[in-house]
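J.: Take this structure, written in structure tokens, and hold onto it; I'll ask about it next.
Throughout, read-outs are computed from the coordinates displayed, never taken from laboratory work. Worth saying up front: this structure is predicted, and the values here are computed from it rather than measured. Glycine also receives a Cβ, built like all others from the backbone with ideal geometry; neighbour counts cover every protein chain displayed.
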Amino acid sequence: MTTASVDVDTARSDYAALVGRGLSLDITRGKPSPEQLDLSNALLSLPGDGSFKAEDGTDVRNYGGLNGLPELRRIFAAALQVPAGQLLAAGNSSLELMHDAVVQALLSKLPGAERRWADEPQVKFLAPVPGYDRHFALTERFGIELVPVAMTDEGPDMDVVETLVAEDPAVKGIWCVPKYSNPTGVTFSDDVVRRLATMRTAAPDFRIFWDNAYAVHHLTDDEPELADLLALATEAGHADRVFVFGSTSKITLAGAGVGFFGASEANLAWWTGNTGKRTIGPDKVNQLRHAHFLKDEAGVRAHMRKHAGIIGPKFAAVDRILSEELADLASWTKPTGGYFITLTVPRGTAKEVVRLAKEAGVALTPAGATHPHGNDPDDAVIRIAPTFPKLEEVEEAVRALAVCVRLAVAQRG
Ligand code: PMP
């Protein structure tokens, strides 16, 4: 990326024209579009009148079944790289499972722990940046210190991760979105996954929060293989360090999907011992309708292709317009899956770009949201979420964004 100079007068008049258009567009959050949600409308009439038995004869209308329905756990076992017997199907959200995992670890000693996290003088998590703002907010809420670690093209910078976890017993966890990461689109390389699985940690109760939210969310036929963290860690004698999370939020219905939690037998005993106090069992009616609708792994795959058909052109449009408008000023990721594009603008301009865009009626995720405590030290990263708006709106929003980048750079001089 070169940072070419921008003519201030042109940038100002382009921006004035933009404001004059009175746009109202929003590319802030990674939500599926209504058209994507329509792909799963059949769920609304499943499992159907009189159909309330799971494959093992369980009446899904009743209480119980803390681990979730085996038929649904089987469908997602391979995609989430957890044996079906170690994969639990839960409520409608994986974020709540991550939240519960942190809270339970604060309140109840984890397998391998010397004490509860609440009794530790300090708890730290490593936060690969740019990363997912809701991960950061979740841990910040409980006073957990987030230590930023740079993301590379292959995942978190493992030289830094290995040093920090080996030297500091207060480092109890790391946030990871290993496939089509939010927001960079990076898939962790085999080497990164292997190093995470095998590294030496000072904390005996260190956990990798492996949020595989985009496990099957391919945009192209070129599907990267993710190494199997749980298997590698188990092989290395560290089975308990892995917490796997996933959900169907961006497969079926974002507000009415199914969340999954996968881990070692010891972790699962700890988990169900605690969650059994919190609930008598998950919504198995929803789990059964998901099993009927998706059927098997091939069913999930076929369904995801339909999603790619809808959102692929939106990602392509962002790339095309950024190439036309900002090739001389900015760089951006070209993800082959997931929900986000990361735009990197010249240092010190991201906040101003977001402010200018807001004034012009284009809502962007706040600059800094991709970093702990909302603080991007370079003030350079902007997350673009192109899935929800219509294609024409995405195009319009990105053209508007380019006008704002040019003005922010021109003003900076
Ligand atoms: N993890 C990541 C990385 C996400 O991007 C999102 C949604 N934006 C979630 C989790 C939320 O998942 P769920 O709907 O299952 O709570």
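J.: Given H placed on each backbone N at 1.01 Å, which residues far from residue 129 in sequence or on other chains put an amide H within less than 5 Å of it?
T.: 149, 150, 151
J.: Rg to Rh for region 292-348: what is it, with Cα atoms only and Rh by Kirkwood?
T.: For region 292-348, the value is 1.18.
J.: Could you work out how far the C-alpha centroid of region 234-294 sits from that of region 4-77, in angstrom?
T.: When both Cα centres are located, 19 Å separates them.
J.: While we're looking at this one, here's another question. In Å, what Rg and Dmax follow from the Cα atoms of region 86-185?
T.: Reported Rg and Dmax, both Å: 14.0, 37.
J.: Using the 2.2 N^0.38 Å rule of thumb for compact globular proteins, work out how region 51-140 stacks up: its C-alpha Rg over that value, please.
T.: 1.39
J.: If you take every DSSP beta bridge fully contained in region 58-178, what fraction is antiparallel? Give it as a percent rounded to 5.
T.: 20 percent
J.: Between their Cα atoms, which of 306/358; 124/179; 306/334; 284/314; 179/351; 53/172 are more than 30 Å away from each other? Before the final figure, lay out the partial values.
T.: On the way: 306/358 32 Å; 124/179 23 Å; 306/334 20 Å; 284/314 35 Å; 179/351 28 Å; 53/172 41 Å.
From the list (306/358; 124/179; 306/334; 284/314; 179/351; 53/172), the Cα-Cα distance tops 30 Å for 306/358; 284/314; 53/172.
J.: Tell me, 314, 53 in order of fewest to most beta-carbon neighbours within 10 Å?
T.: Fewest-to-most ranking of 314, 53: 53, 314.
J.: Considering only DSSP beta bridges whose two residues both sit in region 52-294, what percent are antiparallel, to the nearest 5?
T.: Values: 10 of 27 bridges.
So the antiparallel bridges amount to about 35 percent of the total.
J.: Over the Cα atoms of region 52-294, how large are the radius of gyration and the largest Cα-Cα distance (Dmax), in Å?
T.: Gyration radius and largest Cα-Cα distance of region 52-294: 17.3, 53 Å.
J.: For residue 242, enumerate residues with amide H under 5 Å from its amide H, sequence gap 5+ or separate chain, H modeled in the peptide plane.
T.: Here the answer is 208, 264, since their amide H atoms fall under 5 Å of that of residue 242.
J.: Hey, fewest Cβ within 10 Å first, where do 196, 23 land in order?
T.: Ascending number of Cβ neighbours within 10 Å: 23, 196.
J.: From the phi of every residue in region 158-168, what ³J(HN,Hα) in whole Hz does the Karplus formula 6.51 cos²θ - 1.76 cosθ + 1.60 yield, where θ is phi - 60° and glycine or proline is x?
T.: Along region 158-168, the couplings run 6, 4, 5, 4, 4, 5, 5, 6, 6, 9, 10 Hz.
J.: Could you sort the peptides 218-225, 187-194, 107-114 by per-residue average Cβ neighbour count (10 Å cutoff), highest mean leading?
T.: Packing order, densest peptide first, comes out as 187-194, 107-114, 218-225.
J.: For region 154-222, count the residues as N, evaluate 2.2 N^0.38 Å, and divide the Cα radius of gyration by that value, please.
T.: With N residues counted in region 154-222, Rg over 2.2 N^0.38 Å equals 1.18.
J.: Residue by residue, what Karplus-based ³J(HN,Hα) values in Hz, rounded to whole numbers, does region 111-128 have, using 6.51, -1.76 and 1.60 with θ = phi - 60° and x for Gly and Pro?
T.: So the Karplus estimates, Gly and Pro as x, are x, x, 7, 7, 8, 5, 4, 4, 9, 6, x, 7, 10, 10, 10, 7, 10, x Hz.
J.: With runs of 4+ DSSP H residues as the only contributors, calculate the mean residue ellipticity of the chain at 222 nm using -39,500 (n - 2.57) per run, divided by the residue total and rounded to the nearest 500. Don't skip to the end; give the middle numbers.
T.: Numbers: 13 runs with 162 residues, N = 413.
Only helices count here, giving -12500 deg cm²/dmol.
J.: Over all directions, what mean area does the Cα convex hull of the chain project, stated in square nanometres?
T.: One quarter of the hull surface, i.e. the mean projection, equals 20.1 nm².
J.: Sticking with this one: Where does each of 289, 116, 195 land when they are ranked from fewest to most other beta-carbon atoms within 10 angstrom?
T.: Taking fewest neighbouring Cβ atoms as first place, the list is 116, 195, 289.
J.: Would you kindly calculate the translational diffusion coefficient of region 213-302, applying Stokes-Einstein with the Kirkwood radius from alpha carbon pairs, for 10 °C and a viscosity of 1.306 mPa s, and quote it in µm² s⁻¹ without decimals?
T.: Values: Rh = 15.3 Å.
For the chosen part, D equals 104 µm²/s.
J.: Please list, ordered by chain and number, the residues whose modelled amide H lies under 5 Å from the amide H of residue 363; skip anything fewer than 5 residues away on the same chain.
T.: Amide H neighbours of residue 363, under 5 Å, 5+ apart: 25, 26, 27.
J.: Next up: So for the chain, averaging the separation of alpha carbon pairs under 8 Å that are six or more residues apart and normalising by length, what relative contact order in percent results?
T.: 27 percent
J.: Another question about this same structure. If one takes the longest principal axis of the Cα atoms in the chain, at what angle in degrees, from 0 to 90 and to the nearest 10, does the Cα axis of helix 284-294 lie?
T.: 60 degrees
J.: Explain nothing, just compute: Karplus ³J(HN,Hα) = 6.51 cos²θ - 1.76 cosθ + 1.60, θ = phi - 60°, for every residue of region 61-72 in order, whole Hz, x for Gly and Pro.
T.: Ordered by residue, 3J(HN,Hα) equals 6, 9, 4, x, x, 3, 7, x, 6, x, 5, 7 Hz.
J.: Let me ask another. Could you work out Rg/(2.2 N^0.38 Å) for region 1-105, with Rg from alpha carbons only? Numbers along the way, then the final one.
T.: Details: Rg = 24.3 Å, N = 105, 2.2 N^0.38 = 12.9 Å.
Ratio of Rg to 2.2 N^0.38 Å for region 1-105: 1.89.
J.: Count the net charge of all other residues whose Cβ sits under 11 Å from the Cβ of residue 234, scoring Lys and Arg as +1 and Asp and Glu as -1.
T.: -3
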